[in-house]
Amino acid sequence: MRQVQKDCFSMRIRSVGGQIGAEQLKKVYEIAQDYGQGYVHLTSRQGIEIPFIKLEDVETVKSELAKAGLEPGACGPRVRTVTACQGSAICPSGLIDTSALAKELDARYFAKDLPHKFKLAVTGCGNNCLKAEENDLGIKGGMQPVWDKSTCSLCGLCEVICPGKAIIVSKGDKGDGNLVFTQEKCTNCGKCVKSCPVGAWQGKAGFLIYFGGTFGNQIAVGKQILPIIFSQEKLFSVIDATIAFFAKYARPGERFRSTVERVGWELLEKELLEKELLEKELAETVLPEMELAEIVLPEQK
Amino acid sequence: MHNRDGFVDITDVVCPITFVKAKIAMEEMESGKILEVKMNDGEPIQNVPRSFKDEGHKVIQVVKNEDGTYSVFIEKDGL
Ligand code: HEM
Ligand code: SF4
Ligand code: SF4
Ligand code: SF4
């Protein structure tokens, strides 16, 4: 990135999921000492920039970076740094392996040319440390809970911790207690599964996808237009289709959100569904082995 | 209201002292005994019962009090 100062560049480094090896960090240190002004800047999207790299040193710096397996980051109209929280590999709240997914996304999409910048982020659960909805396409770990009547002790904990108020437990006097789960109110946060003392809530982890977030000159929160998706393969098909949609409909220099607003959310939804991407996936969403009588299923659309 | 062998009120402290205070009270109990922990809505109810689960104690009943707090009854080493 060109600086205010003539012939100086703030060298952006490609990062994935906010992680960098100790040896690589040492190389960054050396470059900042030898070619910069002895400091680095941490960007808002988990990147590192080394300011004050002189134009004549840019090529040398690139080859130095390469020695540590590093390369310059992306700017301009293309897929940017894939950000991620630490996810289930580290964080007790995590529902998906965000770091591994970020690496896959980086390998598939990083620096792909598009009509405007395109930001991808992965956050491990509803706590949303990585702010999925701020991105052109944000992925959040989610969970579809399934209740097992025979193990439930009707303690009432899940009712009070459920953020969607999707669970109502009636304790009953003489063993006639019950639990009612309303699928429509469930935000797939997985908290019931993590909290239930007897494991009566089991869950299947999956991906919640948010489309069209942007937090620059224009502010817009990403929208969830699809139900939870369980397979990583399906997730990639959805992202492929989204990027293809952006490339197809965007005017040059138009942000994804503006494109979708202009041509219509229905069209995006239609194109995503048209490819039959989700047909099988949606079939899998049918809740397995549940006490169906206890469950209020969403209205058929 | 459930029967109990011990009681601790953690509505007067904030994280991270909430769980610390509850944990100390639990340490003074014998295995199989029931501790009532009175806690606030929000972060305490989201986190304290789960932390007890991680330590092998079993939540057996949650009661919502009139003042908006919760009384959580936990059996020591119940898991
Ligand atoms: C119910 C129990 C707990 C809750 C709800 C809780 C919640 C939190 C939250 C939300 C933060 C982030 C604050 C921020 O935005 O910066 C935090 C940070 C922290 N917590 Fe806890 N915590 C709990 C228990 C504990 C315990 C038991 C300890 C240690 C004895 C602890 C030590 C810390 C420390 C050191 C930080 C600061 C970490 C940092 O700034 O990077 N917490 N806690
Ligand atoms: S979003 Fe969830 S999984 Fe990721 S760091 Fe935050 S709490 Fe942990
Ligand atoms: S937390 Fe578990 S045991 Fe308690 S009411 Fe909910 S499902 Fe039943
Ligand atoms: S996953 Fe979250 S929102 Fe859904 S029922 Fe469980 S606690 Fe409630």
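The values are calculated or read from the model by the stated rules, or taken from the named source; none is laboratory data. Quantities reported herein were computed from a predicted structural model and do not represent experimental measurements. We place every Cβ from the backbone using ideal geometry, glycine too, and count neighbours over all the protein chains shown. Accessible surface is based on the protein model in full, side chains and every heavy atom, while ligands, DNA and RNA are left aside. Shrake-Rupley method; radii C 1.70, N 1.55, O 1.52, S 1.80 Å.
Tabulated values for the structure
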{"read-out": "1.4 Å probe accessible area per residue over chain A, in Å²", "value": "49"}
{"read-out": "Amide hydrogen neighbours beyond the local backbone of A:Gly203, cut-off 5 Å, H modeled", "value": "A:Val146"}
{"read-out": "Total charge dipole magnitude, segment A:143-203, about the Cα centre, Cβ charges on Lys, Arg, Asp, Glu only, Debye to nearest 20", "value": "120"}
{"read-out": "Computed magnitude of the charge dipole of segment B:6-75 (debye, nearest 20; Cβ of K, R +1, Cβ of D, E -1)", "value": "200"}
{"read-out": "Leading residue at positive end of dipole, segment A:8-67 (Cβ point charges), from A:Tyr35, A:Ser15, A:Ile50", "value": "A:Ser15"}
{"read-out": "Interchain or long-range residues, amide H under 5 Å from A:Lys117's placed H", "value": "A:Arg78"}
{"read-out": "Amide H within-cut-off set for A:Val122, under 5 Å, with H built and near neighbours excluded", "value": "A:Thr83, A:Ala84, A:Cys85, A:Ile139"}
{"read-out": "Net charge over other residues, Cβ less than 15 angstrom from the Cβ of B:Pro49 (K, R count +1; D, E count -1)", "value": "+3"}
{"read-out": "A:Asp148-A:Glu56 pseudo-label distance in nm [points 7 Å out on the Cα-to-Cβ vector]", "value": "7.1"}
{"read-out": "Residue among A:Thr187, A:Ser231, A:Phe118 farthest towards the positive dipole end of segment A:87-243, charges placed on Cβ", "value": "A:Thr187"}
{"read-out": "Phi to ³J(HN,Hα) by Karplus 6.51 cos²θ - 1.76 cosθ + 1.60 over segment A:66-79, Hz, x for Gly, Pro", "value": "4, 4, 9, x, 10, 8, x, x, 9, 9, x, x, 7, 5"}
{"read-out": "Relative contact order for segment A:143-203, counting Cα pairs under 8 Å that sit 6 or more residues apart, in percent", "value": "46"}
{"read-out": "Point-to-point label distance, A:Arg262-A:Gln183, nm (Cα→Cβ direction, 7 Å offset)", "value": "3.8"}
{"read-out": "Residue order for B:Ser51, A:Ser63 - accessible surface, 1.4 angstrom probe, largest first", "value": "A:Ser63, B:Ser51"}
{"read-out": "Accessible-area order (highest first, 1.4 angstrom probe) of the listed residues A:Ser258, A:Ser170", "value": "A:Ser170, A:Ser258"}
{"read-out": "Share of carbon and sulfur in the accessible heavy-atom surface of the protein assembly as shown [1.4 Å probe, %]", "value": "51"}
{"read-out": "Chain A - Cys residues lacking any other Cys C-beta under 4.7 Å", "value": "A:Cys8, A:Cys75, A:Cys91, A:Cys125, A:Cys152, A:Cys155, A:Cys162, A:Cys186, A:Cys189, A:Cys196"}
{"read-out": "Sum of side-chain charges, A:Ser10 neighbourhood, beta-carbon under 9 Å (Lys, Arg +1; Asp, Glu -1)", "value": "+1"}
{"read-out": "Heavy atoms of A:Glu59 accessible to a 1.4 Å probe, total area in Å² rounded to 10", "value": "120"}
{"read-out": "Helix-derived mean residue ellipticity, 222 nm - over chain A, DSSP H n ≥ 4, -39500 (n - 2.57), to 500", "value": "-8500 deg cm²/dmol"}
{"read-out": "Shape call, chain A: gyration tensor on alpha carbons, a/c limit 1.5", "value": "prolate"}
{"read-out": "Projected area, mean over directions - segment A:1-150, Cα convex hull, nm²", "value": "10.9"}
{"read-out": "Cα centre as origin, Lys/Arg/Asp/Glu Cβ charges: the protein assembly as shown dipole, Debye", "value": "1080"}
{"read-out": "Occluded residues from segment B:44-79, i.e. those whose accessible area drops by 10 Å² or more once the chain is not alone (1.4 Å probe)", "value": "B:Ile45, B:Gln46, B:Pro49, B:Arg50, B:Lys53, B:Lys58, B:Val59, B:Ile60, B:Gln61, B:Val62, B:Tyr70, B:Leu79"}
{"read-out": "Heavy atoms of A:Asp148 accessible to a 1.4 Å probe, total area in Å² rounded to 10", "value": "60"}
{"read-out": "Solvent accessible area, Å² - A:Arg78, 1.4 Å probe, full protein context", "value": "70"}
